[in-house]
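Take a look at the structure set out below.
The values are calculated or read from the model by the stated rules, or taken from the named source; none is laboratory data. All figures in this text were calculated on a predicted structure; none of them were measured in a lab. Cβ placement follows ideal geometry from the backbone for every residue including glycine, while neighbour counts extend to all protein chains displayed.
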Amino acid sequence: MKAKMYKYIFSILFICICFASKAQTIDGVLYTNFNNYYKWRGGAFDSTFLLPQTSATNGKRAGALRYSAADSSVYTWSGTQWIKLGGAAASDTATVVKAYVTNAEAVTITKGQVVYIFGAQGDRAAVKLAKNTSDTFSSKTLGIVRADIAAGQAGWVTTQGQVSGINLGAYTEGDILWLDSVAGGFTKVKPVAPKHGVFIGVVERANAGNGIIYVKPQNGVELDEIHNVLITSPTNNQVLSYTASTGIWENKTVSASIFAYTAKTTTYTAGADDYVIHCTSGTFSVNLPTAVGITGKVYIIKNSGSGLITIDPNGSQTIDGVTTYTMGQAESVQVISTGSNWITL
């Protein structure tokens, strides 16, 4: 029994030693590059290192493997390009961050198209074609597809780094790329509202068939996604108003709290929140607060009654250089603080 075991161990060691001694031999010649395709056979690499075997289409089939003497790496054929196993695409020269995803579309997603995270399927993120027409299709933009992915199948998406072999004949080196309104597309024209501004990357090489994009998606945000903005049931003509006690910007309807209206029939002192003071009847005074400390504060005063309305500044302050300002029937005036006195507009 021990003899058989020793014989078995010796056989394994012999094979390993043979492999180690010949692993750097290519077709019997040390370090000789033979068409960049190699297969271990008879103690040496030869030029038929293709798994599966070659087919009539393009001479190779998806899943085929090849060894490159240039960088001592093994590549697999995706169907459209060589992908380094455990690394970047064969033509990439920089570090690439990738995601292995499932195509959730009913059609093939082609190389160079932009995708967003739609959900999950088969223990992988599922993606669909991204576009800038709504938050649904743009806010979760993931990256650019590296090679065609058939419907329901898995493939690679570059989330940061280079993608090569893209048709960029209509672009110029340095062009900034944005998510387009066409599903899966990108554009060098920055979108404007209501379309969403999602940065995709930059053109590193402009070429009709072998362009390179450096990908680094940066998703745009909605106003109500900003951390100190609270939007609740927005309606037409609302404005943003800041509340110091909460540090929050909120949507508010234009109302008395912003453009205040008050109607008066007797002597009245204008307050900090007043804006329109409507004198509907009688003869009386409208007293203004001090102009100091409220530069730019405006009051609109209207006399629709039959009496006289006297506008009286605070203390020795003036309106257009005079101590009081009198309005007759159907007259109105706007006054604004200069920080020390009042003037009419």
* Asked: Which of the residues belonging to segment 116-139 are crowded, with 19+ Cβ neighbours inside 10 Å, not in a strand (DSSP E or B) and not polar (S, T, N, Q)?
  -> ALA130, LYS131, PHE137
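Quick one: which residue in VAL202, VAL221, VAL182, VAL215 is farther than 30 Å from THR253 by Cβ, part of a loop (DSSP other than H, G, I, E, B) and not basic (Lys, Arg)?
VAL182
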* Does ILE200 fit the bill of being surrounded by 14 or more Cβ atoms within 10 Å (Cβ to Cβ) and touching a Gly at 6+ places or on another chain (Cβ under 7 Å)? -> no
* Of all residues in segment 240-255, which are at pLDDT 85 or above and exposed (fewer than 12 other Cβ atoms within 10 Å of the Cβ)? -> TYR242, THR243, ALA244, SER245, THR246, GLY247
* Between residues in segment 317-331 that are at positive phi and residues that are surrounded by 11 or more Cβ atoms within 10 Å (Cβ to Cβ), which pairs lie under 6 Å by C-beta distance while being six or more apart or on different chains? -> ASP320/ILE343; ASP320/THR344
* Only listed residue being more than 30 Å from GLU250 (Cα to Cα) and surrounded by 19 or more Cβ atoms within 10 Å (Cβ to Cβ), chosen from GLY155, GLY209 -> GLY155
* Taking into account only those residues within segment 193-227 that are among the β-branched types (Val, Ile, Thr) and modelled with pLDDT of 90 or more, which is farthest from the chain's Cα centre (by Cα)? -> ILE212
* Asked: Inside segment 287-302, can you point out the residues that are under 20 Å from GLY321 (Cα atoms), touching a Cys at 6+ places or on another chain (Cβ under 9 Å) and either of a type in the set (D, E, K, R) or surrounded by fewer than 17 Cβ atoms within 10 Å (Cβ to Cβ) (or both)?
  -> none
* Working carefully through the options ALA183, ALA193, find the one that is aliphatic (A, V, I, L, M), surrounded by fewer than 22 Cβ atoms within 10 Å (Cβ to Cβ) and in contact with a helix residue (DSSP H, G or I) (Cβ under 8 Å, 6 or more places away or on another chain). => ALA183
* Structure fact -> PHE284 meets each of (1) under 21 Å from THR265 (Cβ atoms); (2) surrounded by fewer than 16 Cβ atoms within 10 Å (Cβ to Cβ); (3) modelled with pLDDT of 95 or more with one exception, condition (2)
